[in-house]
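Report on one structure; see the data block that follows.
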Amino acid sequence: MGLYTPVLVLAALAAGFAIFSILTSLFVGPKRYNRAKLDSYECGIEPTPQPVGGGRFPVKYYLVAMLFIVFDIEIAFLYPFAVHLDAMRAFGLVEMALFVATVFVAYVYVWRRGGLEWD
């Protein structure tokens with residue numbers, strides 16, 4: 001148990017600081033609320049009324065999010081490859097070329113289908 005004592009002390013200090021900060025802001029912070037402060041921030045544009053259920057997002061929003069995830073994961077796979085290229089030699093180069101080719105085919109498909117158009 002002696003090994004975990006510093007970790008427990010650090011966790012207690014972090015929790016104490018968080019609770020102290022929240023309580024201090026509640027007691028010391030200004031309490032002058034008005035319509036402008038309670039309104040949602042819309043970049044200076046008056047917010048449009050939303051349906052009760054929250055409305056539906058266009059499918060294009062989800063497609064762009066999925067494309068971002070696919071290419072973000074590709075980058076996450078390319079970093080370890082770049083770091084250990086000398087240890088993998090030709091095998092690693094061929095495997096990464098196949099991986100990049102597969103992602104490139106997907107990119108071309110999305111491009112040809114108009115998935116990158118923002119209009």
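The values are calculated or read from the model by the stated rules, or taken from the named source; none is laboratory data. Because the structure is a prediction, the values reported are computed rather than measured. No Cβ is skipped: glycine too gets one built from the backbone with ideal geometry, and neighbour counts run over all protein chains shown.
Yes/no matrix, rows are residues, columns are (1) hydroxyl-bearing (Ser, Thr, Tyr); (2) surrounded by 10 or more Cβ atoms within 10 Å (Cβ to Cβ); (3) at pLDDT 80 or above:
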residue	(1), (2), (3)
8	no, yes, yes
13	no, yes, yes
16	no, yes, yes
25	yes, no, yes
28	no, no, yes
32	no, no, yes
45	no, no, no
50	no, no, no
53	no, no, no
Among the residues of the stretch 94-107, what is the count of those that are surrounded by 11 or more Cβ atoms within 10 Å (Cβ to Cβ) and either touching a Leu at 6+ places or on another chain (Cβ under 7 Å) or under 15 Å from residue 71 (Cβ atoms) (or both)? 7
Selection count where residues are basic (Lys, Arg) and part of a helix (DSSP H, G or I), scope the stretch 55-102: 2
